[in-house]
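Chemist: Here it is, the structure in full.
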Amino acid sequence: MPDDETKILAPAAEPRAAADAARPQPAAWTVKLVMAGIVLAAVNLRPAITSLGALLEEVRDGLGMSGSIAGVLTSVPPLCFAVFGVMSPRLARRFGPGAVVCAGMVAITAGLVIRPFAGGTAGFLAASALALMGIAVSNVLMPVIVKRYFPDRVGSMTGLYSMALALGTALAAALTVPLTDGLGGSWRLGLGVWAALAAVAILPWIALVKDRSVTAANAPDAAGKAPGAADRACSQAPARRITSSPTAWALACFFGLQATAAYITMGWMPQIFRDAGVSAGTAGLLLAVTMVMGVPLAFVIPRLASRIKNQGPIVVALGACGLIGYAGLYLAPSGGSWAWALLLGVSNCSFPLALTMIGMRSRSGAGVVRLSAFAQSTGYLISIPGPLLVGVLYQHSGGWGLPIALMAGLMVPQIAVGILAGRDRTIEDES
């Protein structure tokens, strides 16, 4: 906090300290329940997307979709994340972050139940949007909840959350095709079965909503206490402050470009391998390998990133893996398929790195809320054209040469803005 602001707030220091001390703090069991809720929520933040990627060809045939419409379908996730993610801070202030995440889990469950049986492309898209709305608000609030309840373990808890997210992503990619075969070959049942996993994630958040200590007003902040004047000052600051921060813009662009790569991978990589002669089951396993790389690395990378001042070298290393993986997909998609899946899996770990940097680029809990909403919503807006453009290029070129060249080309600016976002500074320094 700047010196002049500190002086202004200093006279109220003792009353504020007394108020913070009197404010109820979450019980130990509540913190453990928050941890369980974070893990279960994270497991359910990607199966709605990767389960569809594994069965995209069957869904296209069943609903009569063209390649361009399928490209629109793969662009729906980032569109929903951008539109609904920006609403998360306001909803969290009004209802509390626990209640919003609980509602998000309910929306995911309902969307996954309705989607396969909605009938027609329009109904399928609408039900998908419902599930993705739940994912969107939870996406934004996860770093906020981590920052508030685990202020001294941001790196490790972000790693645990990211690892659970990667695990759910990989499970959906690997098991959707076998589950579909086991359920009589119906792609509708193969997609709908993931609603059961989402329903389980509702339970801890219901308990947290009933616990009066879990509210937006009295959850602990980055200092381990209830939000004080620093957070109030941040929340009352003009909106232009976040948009005037070069670091916030760099982080938003980095988030958007890594999301572009991730959703192209989840939506189209199985089809790339299938067109190269790989079976549907193996293509699903290759996507699972890509996603499962995030399980160990999503735990290691945030811990490493939180211990160094500049995260630029990590950005460069992950980007290099992506460039090599895309080169392999272009030159020998089936011959080295397992190696390319591994390398792209490493590259996709830019997501937990971005989440960690969100938590590190602001000094206060309120600042993290604003930065998370801005970086994720703006980033997902940036990522919308990518999957759609891949579908259009694939349909009109009749092959994967141009789409893969596009993927590789986008990796270069991702590395550049990632280096800028990784510099040791906060948004408060630039406002």
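Chemist: Got a number for residues in segment 58-78 being at pLDDT below 80 and either crowded, with 23+ Cβ neighbours inside 10 Å or in a helix (DSSP H, G or I) (or both)?
Modeler: The total comes to 12.
Chemist: In addition: Condition first: part of a helix (DSSP H, G or I), crowded, with 19+ Cβ neighbours inside 10 Å and modelled with pLDDT under 85. Can you find one or more residues in segment 98-112 that meet it?
Modeler: The answer is yes, given that some residue of segment 98-112 is part of a helix (DSSP H, G or I), crowded, with 19+ Cβ neighbours inside 10 Å and modelled with pLDDT under 85.
Chemist: When only residues in segment 344-367 that are more than 26 Å from residue 285 (Cβ to Cβ) and outside any helix (DSSP H, G or I) count, which is most open to solvent (accessible area, probe 1.4 Å)?
Modeler: Here the answer is 363.
Chemist: Does segment 393-407 hold any residues that are buried (at least 18 other Cβ atoms within 10 Å of the Cβ) and in a helix (DSSP H, G or I), and which are they?
Modeler: 393, 394, 403, 404, 407
Chemist: For segment 221-317, give me every one of the helices (runs of 4 or more DSSP H) that falls completely inside it and has 1 or more residues that are in contact with a helix residue (DSSP H, G or I) (Cβ under 8 Å, 6 or more places away or on another chain) and modelled with pLDDT of 85 or more.
Modeler: 240-243, 246-275, 280-292, 294-307
Chemist: Name the residue that is surrounded by the fewest Cβ atoms within 10 Å (Cβ to Cβ), counting only residues in segment 45-57 that are of a type outside the set (Gly, Ala, Ser) and not in a loop (DSSP other than H, G, I, E, B).
Modeler: So, considering only residues that are of a type outside the set (Gly, Ala, Ser) and not in a loop (DSSP other than H, G, I, E, B), the one surrounded by the fewest Cβ atoms within 10 Å (Cβ to Cβ) is 57.
Chemist: Scan segment 162-175 for residues that are modelled with pLDDT of 85 or more and either open to solvent by 10 Å² or more (accessible area, probe 1.4 Å) or under 14 Å from residue 352 (Cβ atoms) (or both) and report the count.
Modeler: The number of residues fulfilling the criteria is 6.
Chemist: Another question, if that's okay. Scan segment 322-343 residue by residue and report those that are open to solvent by 30 Å² or more (accessible area, probe 1.4 Å) and part of a helix (DSSP H, G or I).
Modeler: Passing the criteria: 323, 324, 327, 330, 331, 338, 339, 340, 342, 343.
The values are calculated or read from the model by the stated rules, or taken from the named source; none is laboratory data. Values in this document were obtained by computation on a predicted structure and should not be read as measured data. When we count neighbours, we look across all protein chains shown, and the Cβ atoms used for this are built from the backbone with ideal geometry, even at glycine. For the accessible areas, the whole protein counts, side chains as well, though only heavy atoms, and no ligand, DNA or RNA atoms are used. Shrake-Rupley method; radii C 1.70, N 1.55, O 1.52, S 1.80 Å.
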